[in-house]
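Here it is, the structure, as structure tokens.
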Amino acid sequence: MTIENMPLGKAINAGLRKALADNDKVLLMGEDIGKLGGVFRITEGLQAEFGTSRVFDTPLAESGIVGSAIGLAMRGYRPVCEIQFDGFIYPAFDQITSQLAKMTFRHEGKLAMPVVIRVPYGGHIGAVEHHQESNEAYFAHTAGLRLVSPSNPHDAYWMIQEAIASDDPVLFFEPKSRYWPKGDVNLAGNPTPLHSARVARAGTDVTLVGHGAMVTMLLQAAEIAQEEGTSVEVIDLRSLSPVDYPTILESVRKTGRVVVAQEASQNVSLGSEVAATITERAFYSLEAPVLRVSGFDTPFPPAKLETIFLPDADRILDAVDRVLSY
Amino acid sequence: MVQLLGPDGTFAPSAAAEEFLPYFERLTEADYRKFFKDMVTVRRFDTESTNLQRQGQLGLWVPSHGQEGAQVGSAYGARSQDHVFPAYREHAIAMIRGVDLLNLIKLMKGITHGGFDFRENNNFHLYTLVIGSQALHATGYAMGIKFDGDYATGNPETDQAVIVYFGDGATSQGDVSEALVFSASQQTPQVFFVQNNHWAISVPVSVQARVPIYRRGEGFGVPGTQVDGNDVFASYAVTAKLMDDARAGKGPALIEAMTYRIQAHTTSDDATRYRSESDLEEWIAKDPISRLEAFLRDKGTDSSFFAEVHESAADFAADIRNRTLTVTNPDIYETFDKVYTHPHPLMEEQKAWLQAYEASFGDEGGAA
């Protein structure tokens, strides 16, 4: 049987194991990823299986992790870096944006930079400051990087392998609140192209767009809307940079109404970019302005307030009602 | 401090130089002359490049004047199979590794952000402009050498190591400290070569370091050696030995080469605003080229040799000047093809948009 039911975290672990087995240039590096298997256990068992020169703990320094991964990539390796939590990526910001992202361009397009940076991101885990951020917009703004984010175990298994196979740097945003729920993973067959979006639920009245953990929220909202007689289409972006606009625009031309939802703060966010592009390219198909549902433009609040900060099915449905009122 | 040649060119090894003497003793008369010729050539090139900037040919020039001893000596201390990660002032090392120096001109003229590929230029990597970033790239590369087992086999002809260059200012950067930590942690085959030229633009080294920089490595587990960077023999001997040690698996090392930035930081800088004439004169008296010239003349080198070197350096500079004047601007459309190695829809859309926009002007000619 090629279908296995497993949590998203285990699916990434299985994808990493497959990539390590398929190509001996693949390395895993990061903080606590060896014996411990990572604070989320995503690399569990991989050091024991592949050894300490393929899967290794680095000193506790994020810039050092990414900067040395760049040197390893120059040597022909395909490093996969783990950043322990979203809010801990900033010490590596310079190496990611000024070095990793620009290295191919600096080499006139001739030097591959096959570095993957895994980032457990997002809220809903009740953690302390710096552990629940959605900071994808900083990186989506930077030329030279690719960004993807799986929403389910099947995509996670395949997308991590496709990211590792990419000769361009890929930031892999893992929805950490979705690490544990299980889903079916088809271990056989061709994966969907890495940078394509997916219609997660078909509908005719309103299009909802989101990625990562937000997709689960959108599907819940769609289910409730259906009970109230509204047919909702849900698009899982999967790729955050580049965004698969053809798939989104096909849906928008059908429904004429769009809500873009994200955990991230709204100001200058990925959702804002998607909304603007839809407006530019499908203006005459729209029956209403594209609405955004986002985290507030405050810092991520203390955990006891996170369920108010983060958009839930009710806030999404509120936007669905508004977009239908035009 | 390791010193073999005093400022007046007298051969008088310091006590610290003893363990490095066997490396000096390998050098032949022809090597002395090669070192001299390279130092003179790159200084002439450097002057020509400053002139080209003043004449509007370049946006910027970064002078290497005064640092030729540290650069030429250390460049020959590495072997052809080694990898070299420069900062952005290492013109002599670029030349010795076989890079066409017109590529450095193109970088400063606004033609390219890189200009050459280490895979086709004897493992000499691109200049890095963010201070200290390359220390981590070098460390990662050295980790790769270790994982590949391409060191410590006992064969110095094939074993590999990495040398990374940065200045005294860079030692304050977090990336340099992280590189020292990672390098010590992994025991990489690697030498950190600090050219202490005493100035980070206008800020003196005393602001960066209250203890000598060569001692900075010790706390990281990377032993340090201080060398007279204006003594090309000492720079060579120390680098050659420590690179041999790194190649042989003895772990990373740090070299602090004491030298001086005789010119301003760049052609955009005015050093008279922050440093004294007397400081400058003191260091001009320790010049690496006049020092080696005194040594060579004392050994009976014929005057005709010096005349020939200066003539060939002038020819080298004239060739750079002539070719600078023929450099053409890059193609804007190609920039869209160089950002990623795989096709990317944004790049394709924006390239097509620009082409259509330009074409919309018809025969009137485009905006670009």
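Since every read-out is calculated from the coordinates, none of them should be taken as a lab result. Predicted, not measured: the structure shown is a model, and the values here were computed from it. Positions of Cβ are backbone-derived with ideal geometry, glycine not excepted, and every protein chain shown enters the neighbour counts.
With only Lys, Arg, Asp and Glu charged, each at its Cβ (+1 for the first two, -1 for the last two), find how big the charge dipole of chain B is about the Cα centre; round to the nearest 20 debye. The partial results should precede the final answer.
Working: 31 positive and 50 negative charges, 100 e Å.
Value, rounded to 20: 480 debye.
Then there's this: Can you tally the net charge around A:K254? Count Lys and Arg as +1, Asp and Glu as -1, for every other residue whose Cβ sits under 15 Å from the Cβ of A:K254. All intermediate terms of the calculation are to be shown ahead of the outcome.
Values: positive: A:R201, A:R253, A:R257, A:R281; negative: A:D205, A:E233, A:E250, A:E287.
Net charge in that neighbourhood comes out at 0.
What residue among A:G87, A:G51, A:G212 shows peak mean-square fluctuation when chain A is described by a Gaussian network model with Cα springs under 10 Å?
A:G51
Separate question: For the residue pair A:L324 and B:T153, what label-to-label distance in nm results when each label sits 7 Å from Cα along the Cα-to-beta-carbon direction?
7.1 nm
Averaging the inverse of every distinct alpha carbon separation and then flipping it gives the Kirkwood radius. What is it for the protein assembly as shown, in angstrom units?
Working: mean 1/r = 0.0361 Å⁻¹.
About 27.7 Å, per the Kirkwood formula over Cα pairs.
Around B:P63, with a cut-off of 10 angstrom between Cβ atoms, what is the net charge of the other residues, counting Lys and Arg +1 and Asp and Glu -1? All intermediate terms of the calculation are to be shown ahead of the outcome.
Details: positive: B:R43, B:R89, B:R261; negative: B:D46, B:D269.
Computed value for this residue: +1.
Provide B:F35, B:F45, A:F93, A:F309 in ascending order of the number of other Cβ atoms located within 10 Å of each residue's Cβ, fewest first.
A:F93, A:F309, B:F45, B:F35
Another question about this same structure. If you take every DSSP beta bridge whose two residues both sit in the protein assembly as shown, what share of them, in percent to the nearest 5, is antiparallel?
That works out to approximately 20 percent antiparallel.
Next question. Neighbouring Cβ atoms within 10 Å as the yardstick, rank A:T277, B:T28, A:T255, B:T171 fewest first.
Least to most surrounded, the residues fall as B:T28, A:T277, A:T255, B:T171.
Next question. Which one, B:F85, B:V99, B:T112, projects farthest toward the positive side of the charge dipole computed for the stretch B:79-161 from Cβ point charges (K/R +1, D/E -1)?
Checking the options against the dipole of the stretch B:79-161, the answer is B:T112.
Please rank B:H125, B:H265, fewest neighbouring Cβ atoms within 10 Å first, as an exposure proxy.
Fewest-to-most Cβ neighbours within 10 Å comes out as B:H265, B:H125.
Tell me which of A:M74, A:I308, B:Q134 sits at the most positive position along the dipole axis of the protein assembly as shown, charges placed on C-beta atoms (Lys, Arg +1; Asp, Glu -1).
It is A:M74, whose Cα lies furthest towards the positive end.
How much net charge surrounds A:F173 when only other residues with a Cβ under 14 Å from its Cβ are counted (Lys, Arg +1; Asp, Glu -1)?
Surrounding charge for A:F173 is -3.
Next question, about the same structure. Quick one: if the Förster radius is 25 Å, what FRET efficiency do B:E29 and B:R323 give, using the C-beta to C-beta distance and rounding to 0.05?
Efficiency computed from Cβ-Cβ geometry: 0.15.
Between the alpha-carbon centers of the stretch B:311-330 and the stretch B:1-64, tell me the distance in whole angstrom.
Taking the Cα centre of the stretch B:1-64 as reference, the centre of the stretch B:311-330 is 22 Å away.
Using θ = phi - 60° and the Karplus curve 6.51 cos²θ - 1.76 cosθ + 1.60, what whole-Hz ³J(HN,Hα) does each residue of the stretch B:14-22 get, with Gly and Pro shown as x?
6, 4, 5, 7, 3, 5, 9, 4, x
Run the reach check for A:K182 against lysines, Cα to Cα strictly under 17 Å, same-chain hits fewer than 8 apart removed. What comes back?
A:K182 reaches A:K10.
Let me ask something else about it. Mind running the shape call on the stretch A:254-326? Use the C-alpha gyration tensor, a ≥ b ≥ c as the square roots of the eigenvalues: rounded below 1.5 for a/c, prolate if a/b tops b/c, oblate otherwise.
Cα axes put the stretch A:254-326 in the oblate bin.
Suppose R0 equals 60 Å. What FRET efficiency, 1/(1 + (r/R0)^6) with r the Cβ-Cβ distance, do A:V268 and A:A188 give to the nearest 0.05?
Numbers: r = 41 Å, r/R0 = 0.69.
Using R0 = 60 Å, I get an efficiency of 0.90.
For chain B, compute the number of Lys pairs whose alpha carbons are separated by less than 30 Å, excluding pairs fewer than 8 positions apart on the same chain.
Step by step, the pairs that qualify in chain B add up to 22.
If a/c stays under 1.5 just call it rounded; otherwise compare a/b with b/c (prolate if a/b is bigger, oblate if not). Do that for the stretch A:3-186, with a ≥ b ≥ c from the square roots of the Cα gyration tensor eigenvalues. Don't skip to the end; give the middle numbers.
On the way: a/c = 1.44, a/b = 1.23, b/c = 1.18.
Rounded, since a/c falls under 1.5.
Now for a different question. With only Lys, Arg, Asp and Glu charged, each at its Cβ (+1 for the first two, -1 for the last two), find how big the charge dipole of chain A is about the Cα centre; round to the nearest 20 debye. Walk me through the numbers on the way to the answer.
On the way: 28 positive and 40 negative charges, 159 e Å.
Around 760 debye, computed over chain A.
Could you give the nm distance between label points at B:Y333 and B:I201, where each point is 7 Å from its Cα heading toward the beta carbon?
4.0 nm
Suppose R0 equals 35 Å; then what is the FRET efficiency for B:K299 and B:R119 from their Cβ-Cβ distance, rounded to the nearest 0.05?
With a Förster radius of 35 Å, E is 0.30.
Dipole of the stretch A:3-186, Cα-centred, from +1 at each Lys and Arg C-beta and -1 at each Asp and Glu C-beta, to the nearest 20 debye?
So the magnitude is around 320 debye.
Then there is this: Given axes a ≥ b ≥ c from the Cα gyration tensor, I'd like to know whether the stretch B:15-324 is rounded (a/c under 1.5), prolate (a/b larger than b/c) or oblate.
rounded
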